[in-house]
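Peer 1: First the structure, which I've put down as structure tokens, then a few questions once you've had a look.
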Amino acid sequence: MTNPELVAPSLRYFDSWQESNAEWAGAHQDGSAIRVADAMGLDLSRPADFGLWVQQMLVEADPSYPPPDGRVNATTLWIVEGDTFLGSVNVRHTLNDYLALFGGHIGYGIRPSARRRGLARLCLQHALVRAKRLGLERVLLTCYDTNEGSYRTIEGCGGILERVVVPDDMTRSFGVDDALRRYWIQT
């Protein structure tokens, strides 16, 4: 078995990504950039649409590319082991209003069957290096208060809890119904 590595998104992982997506059973996949595909109206079960999504993620990683309204430049990397897709991490180069409140600079998600192997920590550590290269001195990360695995990962990588945001009408308008932890990490 090969060691896990972080790679640029690629059509090569189409089949394995489909298997991973099925494991999520419709739940949101943090750090996946699926919202990019949704905004483009793509059906990721179709190889051609999947390829367009991959290409768009690669384009949006380029800081000279002006992202569409409501989005920011972001670098998405996939954690893989051989030909097996295990998860993703997304490093947002800047924050817009939504990200400043809810999403943060870094999001990551590990497919359910690959959890509890330290892969989230590996993704976050790599993302922190990437953020530093982008000139970010500190980054915001958020996770639900009920996601113990995520907040332990953030804290284990140096995250300092700023506060816990309790759901209210404003957070619910953005689809956030659970208490949200906000952390800052120095890069």
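The values are calculated or read from the model by the stated rules, or taken from the named source; none is laboratory data. As the structure is a computational prediction, the values presented were derived from the model and not from experiment. When we count neighbours, we look across all protein chains shown, and the Cβ atoms used for this are built from the backbone with ideal geometry, even at glycine.
Peer 1: If the Cβ limit is 9 Å and pairs must be 6+ apart or interchain, which residue in segment 159-173 that is within 17 Å of G103 (Cβ to Cβ) pairs with which residue that is surrounded by fewer than 12 Cβ atoms within 10 Å (Cβ to Cβ) and at pLDDT 60 or above?
Peer 2: Cβ pairs passing all conditions: P167/D177; T171/D177.
Peer 1: If I ask for residues that are more than 11 Å from the chain's Cα centre (by Cα) and more than 14 Å from I79 (Cβ to Cβ), which ones from segment 99-111 would you list?
Peer 2: The answer is L99, A100, L101, F102.
Peer 1: Please work out which one of (1) within 14 Å of the chain's Cα centre (by Cα); (2) under 24 Å from L119 (Cα atoms); (3) of a type in the set (D, E, K, R) is the condition E19 fails and give its number.
Peer 2: (1)
Peer 1: Checking L161 against (1) within 21 Å of D178 (Cβ to Cβ); (2) modelled with pLDDT under 95, which test does it fail?
Peer 2: Looking at each condition in turn, L161 falls short on (2).
Peer 1: From the residues in segment 24-59 that are charged (D, E, K, R) and at pLDDT below 95, which one is surrounded by the most Cβ atoms within 10 Å (Cβ to Cβ)?
Peer 2: D30
Peer 1: State the number of residues belonging to segment 62-116 that are of a type in the set (D, E, K, R), part of a loop (DSSP other than H, G, I, E, B), surrounded by fewer than 13 Cβ atoms within 10 Å (Cβ to Cβ) and out of contact with any Phe, Trp or Tyr (no Cβ under 9 Å at 6 or more places or on another chain).
Peer 2: 3
Peer 1: Looking at (1) of a type in the set (A, V, I, L, M, F, W, C); (2) part of a helix (DSSP H, G or I); (3) modelled with pLDDT under 95, can you tell me which one L128 breaks?
Peer 2: Evaluating L128 over (1) of a type in the set (A, V, I, L, M, F, W, C); (2) part of a helix (DSSP H, G or I); (3) modelled with pLDDT under 95 leaves (3) as the failure.
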